[in-house]
Amino acid sequence: MSSVNIGVLISGGGTNLQSIINNVGAGNIDGKIRVVISNRKDAYGLIRARNAGIETLYIDEDGYDTAKEFNKRILQELSKRDVELVVLAGYMKVLPKEFVEEYAGRIINVHPSLIPSFCGRGCYGDRVHKMALDYGVKITGVTVHFVDEGTDTGPIILQRAVEVMDDDTVDTLKDRVLKVEHELLPEAIRLYCQGRLTIKGRKVIID
């Protein structure tokens, strides 16, 4: 396969974005980040991207009459840059049906738990870790999956467990989970860019 054009959507600090940038730079991922798009002007991930010489765009949802128009603009910008793979790296918006259909089997997301636990609408960021601690689970982890029309319901690419310690707080658990995110998300992108992922029903087969 030729080098894959990647578009990354972010809403925050962009530590997962940085892990992707680092892996592309090291030659681990046969792809190029063509654009980083954020729905938040103050997202530090935009600075990370600019520091790496990557084009950035801030698209304000308030500037559009409807969510459909907002998402259409994002799709237009991705299309302009021939983006083949969309990566959600801390993007705090649920993608609509039209978006998912346009990039069916070509959108990857990372989630800070072992799906199907602690996932779905409203389950993001610190909330996920608090849910895990409140429930008293011994194991949590990271899931990287393809995005479908549901929320955290797409076919799973990779998962890795993270042990929950008795004295964990949201912050300590989050830090350990995030380290795994920084390894697993680039790995899934690497496999995609190598053409090694095949979706069969709910399963992702790694060749």
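No value in this document is a laboratory result; all are computed from the given coordinates. Nothing here was measured: the structure is a model prediction, and the numbers come from that model. Cβ: placed from backbone, ideal geometry, glycine included. Neighbour counts: every protein chain shown.
When the residues of region 60-87 are filtered to those that are among the charged types (D, E, K, R) and part of a loop (DSSP other than H, G, I, E, B), the one that is nearest to His182 (Cα to Cα) is Glu84. Look at (1) within 11 Å of Arg190 (Cα to Cα); (2) buried (at least 17 other Cβ atoms within 10 Å of the Cβ) and you find that Leu17 fails only one, number (1).
Matching residues to (1) over 16 Å from the mean Cα position of the chain (by Cα); (2) loosely packed, with under 12 Cβ neighbours inside 10 Å; (3) among the acidic types (Asp, Glu):
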position: Ala43; (1), (2), (3): no, no, no
position: Arg50; (1), (2), (3): yes, no, no
position: Tyr58; (1), (2), (3): yes, no, no
position: Asp62; (1), (2), (3): yes, yes, yes
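Pairs are defined by a Cβ separation below 6 Å, a sequence spacing of at least 6 or placement on different chains, a first member in region 166-189 that is touching a residue at least 60 places away in the same chain (Cβ under 8 Å) and under 22 Å from Met131 (Cα atoms), and a second member that is of a type in the set (Ser, Thr, Tyr) and in a helix (DSSP H, G or I); the pairs so defined are His182/Ser19.
If you go through region 86-122 and keep only what is closer than 19 Å to Leu173 by Cα and among the aromatic types (Phe, Trp, Tyr), you end up with just Phe118. Before we move on, is Leu133 in contact with an Asp or Glu (Cβ under 9 Å, 6 or more places away or on another chain), closer than 23 Å to Ile199 by Cβ and either part of a loop (DSSP other than H, G, I, E, B) or without any contact (Cβ under 8 Å) to a residue 60 or more places away in the chain (or both)? Criteria not met by Leu133.
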